[in-house]
1. Using alpha carbons only, how many degrees (0 to 90, rounded to 10) separate the axis of helix 259-277 from the longest principal axis of the chain?
2. Using the heavy atoms of the protein chains alone and a 1.4 angstrom probe, what is the accessible area of the chain per residue in square angstrom?
3. Over the chain, with every protein chain in place, what whole percent of the accessible area is carbon and sulfur at 1.4 Å, could you tell me?
4. Work out the count of Lys pairs in the chain where the Cα-Cα distance is under 18 Å, with the pair 8 or more places apart or on different chains.
5. To the nearest 500 deg cm²/dmol, what mean residue ellipticity at 222 nm is calculated for the chain from DSSP H runs of n ≥ 4 alone, each contributing -39,500 (n - 2.57), summed and divided by the residues?
6. Once the dipole of the chain is set up with Lys and Arg at +1 and Asp and Glu at -1 on Cβ about the Cα centre, which of ILE171, ALA348, MET234 lies farthest towards its positive end?
7. Give, in nm to one decimal, the length gained when the segment between LYS343 and GLU290 is fully stretched (0.36 nm per residue of separation minus the Cα-Cα distance).
8. Mind ranking 250-260, 284-294, 162-172, 213-223 by how tightly packed they are, going by the mean number of other C-beta atoms within 10 angstrom, highest first?
Amino acid sequence: MIRLLPGAGKHVTLIPNEWSVGKLVTMTTTHAAEAPPPHAPDGLQEHFDATIARDQRIEPRDWMPDGYRKTLIRQIAQHAHSEIIGMQPEGEWITRAPSLRRKAILFAKVQDEAGHGLYLYSAAETLGADRDDLTRRLIEGRQKYSSIFNYPTLSFADVGVIGWFVDGAAICNQVPLCRSSYGPYARAMVRICKEESFHQRQGYELLMTMMRGTAAQREMVQDAVNRWWWPSLMMFGPPDDASPNSARSMAWKIKRHSNDELRRRFVDMTVPQAEKLGVTLPDPELRWNEETGHHDFGTPDWDELMRVIKGDGPCNDRRMERRRTAHEEGAWVREAATAHAAKQAARARKGAAA
Ligand code: FAQ
């Protein structure tokens, strides 16, 4: 169990036992030594099915059904885009952080998110996707990114609440992805989850500091909690009966749990943390259910989720405009890197010929 952050003489469990990263990455991998013999041309589907059934991993060299490849590219690309767009809401506070220490922490966190995006784009490339093409699809609105990043960050408490809720939800959703059936995605998730856990703790620590401050600071925290709670629950996606991709993704062991299951785990994990922090989660229906052993909670506004996904959230236009501008302004870096690579390749050719 990961116990951290002494708060008012007590300890708060940020990540429950069964969600610790180390424990969930014990999935068997297909090592070269134990790899099955080259499969017969007509046995490819059977080999794929058997690999999934044995809980082993599919690797880039393996044959895979088209649908599996497309589903992975869709999910991994959306995930990568989310990390990159996700730099913006908190990034807006780097210049306004209240101290050098908070600025350095925030800088490092936002930088980590860029790194996560890069690991994920690399994982998508192992499936034959082209990173430039994926970026173009995002910029042209043909690929999605997480709804959560279309909400504004109105105060510095939002930075803490994003760490606590958004990284917390990301951990609930992504730790099981460390056991995803596609090797490069699963392996990328291990490091990402470790960093997200750290992000979650920094958010919670920031909020604890603010809660020990003035009445105005406590109000800022409660206000941020009120605004981010429902959008955070929506991060897990539509309810199971309205989730067109879940059944197939779960059969392929890309996803290990349904959207509703993960949402419920997030609520169960977060309620005691809110109590320790001294904030109220804005849901009058939230209560412990002795029979189910879980919390009952209210229904998120699914119409709002659909509106935000379709581009009509409070900050969609701003986020996309910023992303587009950053891409255009980065053109010279891409050109310089390409020219440098070409020069190095020419030098290597010349050296080999000499
Ligand atoms: N926002 O059938 P399902 C982070 C779409 S990273 C936007 O249930 P699926 C780190 C969905 O794509 C956060 N779109 O889909 C961080 C699908 O559309 P499509 C991102 C959503 O794939 C922290 C349609 O609705 N995390 O936070 C959303 O089985 C702090 C139907 O939905 C990941 O991407 C939504 N909330 O399940 C960074 C994790 N929900 O593609 C900065 C990996 C659903 O058919 C600061 N992804 N949609 O056109 C997943 O686990 C899954 O893709 C789900 C959706 C659970 C997101």
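1. For helix 259-277, the angle is close to 40 degrees.
2. Counting only protein heavy atoms, the per-residue value for the chain is 49 Å².
3. Using a 1.4 Å probe with all protein chains present, the chain comes out at 55 percent carbon and sulfur.
4. Pairs that pass both the separation and distance tests number 10.
5. That calculation yields -18500 deg cm²/dmol at 222 nm.
6. Sorting the options by dipole projection puts first ALA348.
7. Stretched fully, the LYS343-GLU290 segment lengthens by 12.3 nm.
8. Ranking, from highest mean packing down: 162-172, 250-260, 213-223, 284-294.
The values are calculated or read from the model by the stated rules, or taken from the named source; none is laboratory data. Since this is a predicted model, take the numbers as computed values, not measurements. Neighbour counts run over all protein chains shown; Cβ positions are idealised from the backbone, glycine included. With ligands, DNA and RNA removed, areas are computed over all heavy atoms of the protein, side chains included. Shrake-Rupley method; radii C 1.70, N 1.55, O 1.52, S 1.80 Å.
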